[in-house]
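*Asks:* First the structure, which I've put down as structure tokens, then a few questions once you've had a look.
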Amino acid sequence: MKLQFSGHESFICKHLWLKKGYDFKGNFNEESAVIELGVGKNMVTSISYWLKAFGIIDADNKYTDLATYLFHDKKGVDPYIENIATVWLLHYSLNKTNKASIYNLFFNQFRKIRTEFTKEHLQNFIVRLLKDENQKSINENTIAADISVFLRNYLKPTSKETKVDIEEDFSSLMIDLDLISHFSSENVEGKFVDWYRVPSKIQYDLPDEIVLFTILENYPKAKSISFNELIIGNNSPGLVFCLNEEGLYAKIEKLASKYKGVIYTETAGVRELQIKSNIDKWEVLNGCY
């Protein structure tokens, strides 16, 4: 899959954009989209991009099962994204869809290397990756802009930014997850540098059902999954949700007590999650709403 680092027009995904885009049901390339959506042309492009990035619209521009489940006028469980479970779910979908490449690369790969980093660290990682894959055209300005939007999607704004920027960034969909934090550190030249931290935590506000949904979706045919895979496997709850071992174990223990078909075993030092029966992932999600 070709890596993509543009398309958002430098706009973060605002809290109500996914619902607004779902309700639009029109052609984002038509001039009328500007009037019907009530935003500028660049924002129309950005809304269309984020709908695809979050898996609300598929490659054929059709609304997905996730879109209908969340945003349907009558049956949608959380159309205005008022439940933190929905934000966690959309965060997972953003990573799994991999339309916006930086999110999947960051949570699945970069975090294994660094949990504290600067923008330069992340940019160098992406550039090296593109060179390793022999990608001919590498626009470092585009990557830098993507990194800026990525961080603004997750970070609470700081007081040094303008009032307009703060109001803009507090409308971000993802900041309530508190996955990334900012701090400054003095370098050898005596200058303060912006650093970012993304630790693994227990994630108390991450619902158990969201964890099980992502396991069922990520490992659809698996009857047994090692605990290690659930910590460090691609798109695993450990990596995507920044869960530490204690947090993941606590989630799995609760799931095993709630669902008869979910069994956790430890035998001869081998920790394993077993799925003993067919479990409907959408029925699991209903437990959040």
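*Asks:* Where is the GNM fluctuation largest for the chain (alpha-carbon springs, 10 angstrom cutoff): V240, V270, V87?
*Replies:* With Cα springs under 10 Å in the chain, the top fluctuation among V240, V270, V87 is at V270.
*Asks:* Using the Kirkwood radius over Cα pairs, work out the Stokes-Einstein diffusion coefficient for segment 1-125 at 10 °C and 1.306 mPa s, in µm²/s as a whole number. Walk me through the intermediate numbers first.
*Replies:* Numbers: Rh = 15.5 Å.
Reported coefficient: 102 µm²/s.
*Asks:* Can you tell me how segment 193-253 classifies by the Cα gyration tensor, rounded, prolate or oblate, using a/c under 1.5 as the rounded cut?
*Replies:* Judged from the Cα gyration tensor, segment 193-253 comes out prolate (a/c at least 1.5, a/b above b/c).
*Asks:* Something else about it: Within the set of other residues whose C-beta is less than 14 Å from the C-beta of W282, count the net charge using Lys and Arg as +1 and Asp and Glu as -1.
*Replies:* Working: positive: K75, K281; negative: D65, D78, E209, E217, D280, E283.
Summing Lys and Arg as +1 and Asp and Glu as -1 gives -4.
*Asks:* Measure off 7 Å from each Cα along the Cα-to-Cβ vector at E30 and L129, then give the distance between these two points in nanometres to one decimal.
*Replies:* 3.7
*Asks:* Report the relative contact order of the chain, percent, no decimals, based on alpha-carbon pairs under 8 angstrom and at least 6 residues apart.
*Replies:* Normalised by residue count, the contact order of the chain is 17 percent.
*Asks:* Using only the Cα atoms of segment 120-230, build the gyration tensor, take square roots of its eigenvalues as a ≥ b ≥ c, and label the shape rounded, prolate or oblate: rounded if a/c is under 1.5, else prolate if a/b is larger than b/c, else oblate.
*Replies:* Since a/c reaches 1.5 but b/c is at least a/b, the shape of segment 120-230 is classed as oblate.
*Asks:* Suppose R0 equals 22 Å. What FRET efficiency, 1/(1 + (r/R0)^6) with r the Cβ-Cβ distance, do K156 and V193 give to the nearest 0.05?
*Replies:* FRET efficiency, K156 to V193: 0.70.
*Asks:* Quickly work out the N228-to-S171 label distance, labels modelled 7 Å from Cα along the C-beta direction, and quote it in nm with one decimal.
*Replies:* 4.7
*Asks:* Between R197, R111, R128, where does the largest GNM mean-square fluctuation fall for the chain, given springs only between Cα atoms within less than 10 Å?
*Replies:* So, out of R197, R111, R128, the one fluctuating most is R128.
*Asks:* Can you tell me what percent of all Cα-Cα pairs in segment 208-286 are more than 14 Å apart?
*Replies:* 57
*Asks:* Related question: Just want the ordering: T64, T115, from fewest to most Cβ atoms lying within 10 Å of their own Cβ.
*Replies:* Working: T64 17, T115 13.
In increasing order of surrounding Cβ atoms, one gets T115, T64.
*Asks:* Based on DSSP H runs of at least 4 residues, each adding -39500 (n - 2.57), what is the mean residue ellipticity at 222 nm of the chain after dividing by all its residues, to the nearest 500 deg cm²/dmol?
*Replies:* One gets -13000 deg cm²/dmol as the mean residue ellipticity at 222 nm.
*Asks:* Binning every alpha carbon pair distance of the chain at 5 Å from zero, what are the percents per bin?
*Replies:* 1, 5, 11, 15, 17, 16, 14, 10, 6, 3, 1, 0, 0
*Asks:* Right, another one. I need I275, I57 ordered by Cβ neighbour count within 10 Å, fewest first.
*Replies:* Lowest to highest Cβ neighbour count: I275, I57.
*Asks:* Give me the one-decimal nm value for the distance between modelled label points at E283 and K221, 7 Å along each residue's Cα-to-Cβ direction.
*Replies:* 2.3
*Asks:* Still on this structure: Too long at a 19 Å Cα-Cα cut-off: which of K14/K251; K99/K223; K2/K136?
*Replies:* Where the Cα-Cα span goes over 19 Å, the pairs concerned are K14/K251; K99/K223.
*Asks:* Give the range of the longest stretch in the chain that excludes all GluC sites (Glu not before Pro) found in loop regions by DSSP and having at most 15 other beta-carbon atoms within 10 Å.
*Replies:* Looking at the chain, 190-289 is the longest stretch - no exposed GluC sites (Glu not before Pro) with at most 15 other Cβ atoms within 10 Å.
None of the figures in this text is laboratory data; all of them are computed from the coordinates on show. Just so it is clear, the structure is predicted and the values come from calculations on it, not from any experiment. Heads up, the Cβs are rebuilt from the backbone with ideal geometry, glycines too, and the neighbour counts pull from every protein chain shown.
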